[in-house]
């Protein structure tokens, strides 16, 4: 088989991949245009196959070589990922969840985003990844040129030239598919499909070679097992330390290698695909490693000694003249190498452009004062350039290192380098206390140990590190020897470097985190990462995305925030604040980007209105869920409780106010009524005074005339006299009433028998209309009650009631019945006549001042009598009431038998009742 | 009922005084007043001036009495038992036959508002108590055109 044919086959295969990728890309674009998902990409099978990018040329060719040299140890490279996928799927799930939620574009972006969008961390991880990957890519170039050499035999072109062409070809392919467009999510459906196809090709090729070896060359599995048994050598013995270390290393690599992160997280279309991959990917690994040992053993048995065991997969079919199978094996190895290089360079170029080129360019432009413009062109070109540089570096490493080192060893160096990201990554996902300082310290110290103890020595003595330093350490310090740091020299160099780099890395990370304090964005991001599962599933947080956030997601969010802020702060103030913030971000209008800084400000603003916890929760709700911890909810609850308490207090106060207002209104009404009463009282007094005055004046004027008879003179003088007395009595009554009403009366408390008081009153009232004969009915036995009260005033009341009866009782034979009843400390005396009584409509009025049943003259008073009686009785702690339905006018006078003069009027009454 | 009905011819003294003063000219004056002493004072003053005086102390049947007696002048107290003086006055003014009857309203309520009410109700003249005898006499004479 000629080299030309081989090159043709390789080119044809690349063209085939190109076609698949292009078709897939077209399909995906068409689906996206129709608002659908590309169904093939949404398949968990494609996702699982794309994960096989883990299996590089190193796996394809190197595993056999590894097995030939170290026996079963190669298994560890598959064991680590298998354990992670089967046992640690929850870590992968969280990684995928966070990566999608934060629109993470690479592993460097993940670390940078978690630790407060620190670009310094991005730069560190990117540098580390480029350094670690350079030999790894060189390894792929080496394996491809080796495979060409194995085919072509002696007449092959120089391997270096072959590697150069390979690197250039891969660069073109990657640029064509990896940098076609710029998407916020950095997904490349065409490439993923192509990688999946390659996964099938390399698996099929290896299985085909394995089948040929086991059933074609050997006599079935039993024969192979026997050969393995006999081929066992001393260095095939399992070393537990190495096994453990390598398994751990491979397990770490599956999550930290940039290309694995690219397919595992960035290109992931659906989190649920992980469920299938958690068993399907280990299955793939088992299948691909199934025939490794048989091929190695058969190669050792059948091929001439000195043959590079790394090329057994290719060499066995060639030696048996199976050119077709050899071609398949070549394409399988080619697939493994190209898929790794393509994905790795996409991942690395993304990191380089996002964390190195664009920030530098932006910094440069900012210094020149130009901030406007489209960055897309710049980013794409930066990536294309980065792909070229990365493959160039790989080629350079291949040249410098001479291509002598075994494939597996080079791969493991890369593994250890990328493993340095692990502490920062685990901390990012599970430790809220992890800080930027800690992450940087861990990464840098781990990377330095890796460089010094593993990477630089890998070039061989005297390339970067002199043989003397290797032997004696820097400055002759033995504990700084690269392969036995701190005097530990029992381990082999790989495990030694792995142990010390990870140990120092982790220690620096933890100490740095504990010693430093996270900034606000760091804390926000930390919460978003660590609590990824407690957040709303589809929500994309307010926090760090890639370098260019999706515009469509932001606008409604800012709008919602404005709507909410308007409700809380008031329309004008909210709009002013938002406009100012937008202007600060260099935007027109009212909608600033909801950056963490802006959200913090907004939260502060809102917190002044609704309380910190509530403001936080409200913003979190709109920006798609942040940490709503139990404490936050408790804080909201307690704030709410406080608000409710306040509002209850306010309610109580407003009720109180309403009550006061009602009382004031009533008091006001009372005052108005009193004012009206006072006016009417004055008017009535005026009337009562004017009436006798009129008579007095008129008769005085008559008397002044000399034309009157002596008889008339006497008659009129008497009228004047009577009216004067009437005036005096009126004034006396008014004064009396005033004193009684104000409770300022001086009571003259004396002991007396009730019966005697009634006697006295009956005699006194007889002077009123003495011509009328009244029959008095009384039971003097009942009246034998000793009283201790103002007996004079009480008698005055009795007289008034009896006099009224004499005046108004209209019965022909008037009868007055006096009934005394005693109930406990209280006595009531009823005065009932046999007249027509008081009309019902007047009963309520008779105790009012100036009220008269008939005309003034007949009543013989100003109409103050009963009003005075009532005032007296109230002062005596009793009352006088009209009792209807007694067959005549009936007044009941009730009072306590013993009066305590010290009590005020109202209290006396209360005691009495 | 406290009612003093003094018609000419009943008493020689009345006649003598009537002829002696003559200003009243025997014209009939009705006094509606519930205070007997005031009523007596007015009766004395006007009678001495030659008026024929009828006194009445009840508001209820006052209007019928006016219609029956057809006095030349009415002296009306506002505060009457049974029916308010102003009420009687309004009813009286509503009767075309009595609309022109001169009425002197007397009241113990001397405020301006009371005066206005009285004038609105159709009083010819308003006098507050206590009054001067001479003024009352002059007013009575003037109203009947003596």
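General observations
- In summary, residue B:130 fulfils each of the numbered conditions (1) in contact (Cβ under 8 Å) with a residue 24 or more places away in the chain; (2) surrounded by 17 or more Cβ atoms within 10 Å (Cβ to Cβ) with the single exception of condition (1).
- Flag for residue A:803 being surrounded by 14 or more Cβ atoms within 10 Å (Cβ to Cβ) and assigned to a helix (DSSP H, G or I): yes
- Residue in the range A:32-55 that is modelled with pLDDT of 75 or more, over 29 Å from residue A:295 (Cβ atoms) and assigned to a helix (DSSP H, G or I) present: yes
- Residue list for the range A:727-744, filter: farther than 24 Å from residue A:693 by Cβ and touching a residue at least 24 places away in the same chain (Cβ under 8 Å): A:740, A:741, A:743
- In the range A:94-148, residue modelled with the highest pLDDT [restricted to those that are under 24 Å from the mean Cα position of the chain (by Cα) and part of a loop (DSSP other than H, G, I, E, B)]: A:115
- Residues that are out of contact with any helix residue (DSSP H, G or I) (no Cβ under 7 Å at 6 or more places or on another chain), away from chain A (no Cβ under 14 Å) and in a loop (DSSP other than H, G, I, E, B) do occur in the range B:99-121, at least one of them.
- Here residue A:375 clears all of (1) within 39 Å of the chain's Cα centre (by Cα); (2) at pLDDT 85 or above except the condition numbered (2).
- Checked against (1) in contact with a helix residue (DSSP H, G or I) (Cβ under 6 Å, 6 or more places away or on another chain); (2) modelled with pLDDT under 85; (3) closer than 18 Å to residue B:43 by Cβ, residue A:688 meets all criteria but (3).
- Test: residue in the range A:639-659 that is in a helix (DSSP H, G or I) and either within 11 Å of chain B (Cβ to nearest Cβ) or in contact with a helix residue (DSSP H, G or I) (Cβ under 7 Å, 6 or more places away or on another chain) (or both): yes
- Scanning the range B:40-59 for residues that are within 12 Å of another protein chain (Cβ to nearest Cβ), farther than 16 Å from residue B:144 by Cα and without any contact (Cβ under 8 Å) to a residue 60 or more places away in the chain yields B:40, B:43, B:44, B:48, B:57, B:58, B:59.
- Within the range A:676-708, considering residues that are more than 21 Å from residue A:868 (Cα to Cα) and more than 9 Å from chain B (Cβ to nearest Cβ), the one surrounded by the fewest Cβ atoms within 10 Å (Cβ to Cβ): A:706
- Residue within the range B:70-78 that is surrounded by fewer than 17 Cβ atoms within 10 Å (Cβ to Cβ), more than 10 Å from every other protein chain (Cβ to nearest Cβ) and at pLDDT 90 or above present: yes
The values are calculated or read from the model by the stated rules, or taken from the named source; none is laboratory data. Given the structure is predicted, the values throughout are model-derived calculations rather than measurements. Positions of Cβ are generated from backbone atoms using ideal geometry, with glycine treated the same way; all protein chains shown enter the neighbour counts.
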